[in-house]
Amino acid sequence: MTTDALPAVNELDFEGEVLAATLPVLVDFTAAWCASCRSLKPILRELALEHAATLRIVTVDGDESPGLAQRFGVRGFPTLLVFIGGREVARTIGLTNKQNLLKLLASARAAAPGVF
């Protein structure tokens, strides 16, 4: 992991960093070659900084951790999953904007009221 606003996790630390996290976690399944993924990164960084107290955002390189991508049914990049209490509560696929990500987080809030 790094001190970046968007730390990278992999198959070795996914359980502890995402599934056992006390905060909700938005996981960005990405790939280095993916232009849409690169376009999404500044938006995710902005959200990570704005919501640092109530939300964690991490990235998973799907090419480097294919087992995780397969485990969660990721078939294209970027794919964003929101986990609360170790379970997936929201998902979106493809390039999106900040407004749509805020809606995704709102739907996650509805699935787990009082968490964030």
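Values in this text are rule-based calculations from the coordinates and carry no lab data. In this text the structure is predicted, and so the values were computed from the model without any measurement. Here Cβ is always computed from backbone atoms with ideal geometry, including for glycine, and neighbour counts include all displayed protein chains.
A few notes on this one:
- Simple Cβ-charge dipole of the stretch 14-108, Lys/Arg +1 and Asp/Glu -1, about Cα centre, in debye nearest 20: 300 debye
- Residue by residue, the stretch 96-111 carries 3J(HN,Hα) couplings of 9, 10, 4, 4, 5, 5, 5, 5, 4, 5, 5, 5, 5, 4, 5, 6 Hz when phi is fed to the Karplus relation 6.51 cos²θ - 1.76 cosθ + 1.60 (θ = phi - 60°); x denotes Gly or Pro.
- Its relative contact order, with pairs defined as Cα atoms under 8 Å and 6+ residues apart, puts the chain at 33 percent.
- Within-9-Å neighbourhood charge of V60 [Cβ basis; K, R +1; D, E -1]: -4
- Here the extension length gained between E46 and R87 equals 12.3 nm, from 0.36 nm per residue of separation less the Cα-Cα distance.
- N10 versus L102: modelled label distance in nm, points set 7 Å from Cα along the beta carbon direction: 3.6 nm
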